[in-house]
Amino acid sequence: MASRAFAGHAMRKGVIARLEGVSPQIVELRQEIERVARSDAKILITGESGVGKEVVAQCVHANSPRAHSTFVAVNCGGMPETLLESELFGHVRGSFTGAYRDKPGKLELAHDGTVFLDEIGEMTLRMQGLLLRFLETGELQKVGADGGGRLVNVRIIAATNRNLRDLIAQGAFREDLFYRLNVIHLEVPPLRERRDDIAVLVEYFVQLFARDSGCAIKGITPEAMHILSRYSWPGNVRQLANVVERLAITGRDTAATVDDLPAEVRVQEGVAFKPKRERRRTVADDLYRRLTEEHESFWSCVYTLYMDREITRGTLREVVRKGLEEARGNYRIVARLFNLEARDYKRFLNFLRKHDCQLPFKEFRQ
Ligand SMILES: Nc1ncnc2c1ncn2[C@@H]1O[C@H](COP(=O)(O)OP(=O)(O)O)[C@@H](O)[C@H]1O
Ligand SMILES: [Mg+2]
């Protein structure tokens, strides 16, 4: 389907990414997206992590004349320099150990489309130089190839949560590259500065998770929504999506109450919800966060570490205890929180039992 999406909607892998929101900032941003989508001018998107920079880039693409072609995202901070170079520019066979065949780079694959360079502030100076050369010539220099390469036509959208002017002052980011990328600047404000969007986004993710996983929330009490609207959301929309997803997983037959909200959201309310005594983050805290926020599976993170004796039985028990607390003693819900498939439920319980980590659920009920 090559139809033009309307501003604020982007298509990718068959799903529609939407820039939801009713705040004046988001309404204006949607208008700006529509305006800047028409040209090929490079865009720099800034804003804290999780505010929706990638969604904005997708919406620009979907509203542009390039919408019929590919949108390719590359995380420039997620891999070592040599890998990133080959990822962007491609490589020729034999150019390094393991390069068994020619491989096209993302810039080539996105010909006629849009390339989203995420976390551009993490690029090494050498990579910045290579990117600048490409931007000046439009010519792809594959790793291991000699001579000029093929010309490609891509629109570049870059994003960062760093302050590039500071990086320039520190000598960590090239000023000439900054000016090349920063033709149009879009800033996505943090969620705490556009609180009107919170309720809308909560509702949006409730629907999304109900549709995708079948786990539905039976609504949210006004008190709970009040707390969500006042919370500071340091992780922005990504964190909000996670909180709603956890509510959906642990949800019961009634509307989600204040007590159902994760501790980090509640503690900010101060007196009524006194923060627990400050304590150091433990290994168990860390593992629990990886399970519930980064969606790692219990098998790949906790189980493997335990079997390799990298973590103690005490830590394993602590992780299980946290799960039971959030799931109110329901082991099936713990299994879902730990990203286990339904068919792995028995294996999960057997494992816990065998290692004396199946804590009694009774004390976590109510
Ligand atoms: N305005 C929004 N409407 C709908 N979903 C959003 C919005 N902003 C962010 N999201 C979702 O939140 C998550 C984080 O957004 P992302 O674009 O990856 O943030 P960033 O790139 O700024 O770190 C994604 O799942 C994204 O789909
Ligand atoms: Mg991102």
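The values are calculated or read from the model by the stated rules, or taken from the named source; none is laboratory data. This one's a predicted model, so the numbers in the text were calculated from it and none came from an experiment. No Cβ is skipped: glycine too gets one built from the backbone with ideal geometry, and neighbour counts run over all protein chains shown. To get the accessible areas, we keep the full protein, side chains included, count just its heavy atoms, and leave off ligands, DNA and RNA. Shrake-Rupley method; radii C 1.70, N 1.55, O 1.52, S 1.80 Å.
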Long-range neighbours under 8 Å by Cβ, at least six apart or interchain, first residue under 27 Å from Val143 (Cβ atoms) and touching a residue at least 40 places away in the same chain (Cβ under 8 Å) within segment 60-81, second β-branched (Val, Ile, Thr) and open to solvent by 10 Å² or more (accessible area, probe 1.4 Å)
Glu81/Thr124
Hey, can you tell me all the residues within segment 188-217 that are more than 19 Å from Ala17 (Cβ to Cβ) and surrounded by fewer than 21 Cβ atoms within 10 Å (Cβ to Cβ)?
Pro190, Arg192, Glu193, Arg195, Asp196, Ala199, Gly214, Cys215, Ala216
Yes or no: segment 322-335 includes at least one residue that is surrounded by fewer than 17 Cβ atoms within 10 Å (Cβ to Cβ) and farther than 27 Å from Asp253 by Cβ.
no
Note on segment 77-95: residues more than 23 Å from the chain's Cα centre (by Cα) and either polar (S, T, N, Q) or within 16 Å of ligand 2 (Cβ to nearest atom) (or both) are Thr82, Ser86, Ser95
Considering Arg317, Arg313, Arg277, which residue is at pLDDT below 90, over 26 Å from the mean Cα position of the chain (by Cα), open to solvent by 50 Å² or more (accessible area, probe 1.4 Å) and more than 28 Å from Gly219 (Cα to Cα)?
Arg277
Please go through segment 131-163 and pick out each residue that is crowded, with 18+ Cβ neighbours inside 10 Å and in a helix (DSSP H, G or I).
Leu131, Phe134
Against the conditions (1) free of Cβ contacts under 8 Å to residues at least 24 places away in the same chain; (2) touching a Phe, Trp or Tyr at 6+ places or on another chain (Cβ under 9 Å); (3) within 19 Å of Ile249 (Cα to Cα), where does Asp212 fall short? Just the number, please.
(2)
Got at least one residue in segment 174-187 being at pLDDT 95 or above and under 20 Å from the mean Cα position of the chain (by Cα)?
yes
Out of all the residues in segment 138-149, is one or more of a type outside the set (Asp, Glu), touching a strand residue (DSSP E or B) at 6+ places or on another chain (Cβ under 9 Å) and under 29 Å from Cys59 (Cβ atoms)?
yes
Has segment 99-113 got at least one residue that is within 16 Å of ligand 1 (Cβ to nearest atom), modelled with pLDDT under 95 and open to solvent by less than 50 Å² (accessible area, probe 1.4 Å)?
no
Give me the pairs, please: first residue somewhere in segment 346-360 and on the phi > 0 side of the Ramachandran plot, second residue anywhere and open to solvent by 70 Å² or more (accessible area, probe 1.4 Å), beta-carbon distance under 8 Å, and either six or more positions apart or on two chains.
Asp356/Arg313
State whether one or more residues within segment 57-76 are buried (at least 21 other Cβ atoms within 10 Å of the Cβ), within 16 Å of ligand 2 (Cβ to nearest atom) and either on the phi > 0 side of the Ramachandran plot or not assigned by TED's automatic domain parsing to the domain that holds Arg18 (or both).
no
Would you confirm, using the coordinates I've provided, whether Val115 is over 30 Å from Ile333 (Cβ atoms), outside any loop (DSSP other than H, G, I, E, B) and β-branched (Val, Ile, Thr)?
yes
Here is a list: Arg133, Arg155. Which entry is touching a residue at least 60 places away in the same chain (Cβ under 8 Å), assigned by TED's automatic domain parsing to the domain that holds Gly47 and away from ligand 1 (no atom under 16 Å from the Cβ)?
Arg155
What is the number of the single condition among (1) in a loop (DSSP other than H, G, I, E, B); (2) over 28 Å from Leu208 (Cα atoms); (3) of a type in the set (Val, Ile, Thr) that Val36 does not meet?
(1)
The condition from (1) modelled with pLDDT under 95; (2) part of a loop (DSSP other than H, G, I, E, B); (3) in contact with a Gly (Cβ under 7 Å, 6 or more places away or on another chain) that Gly50 misses is numbered (1)
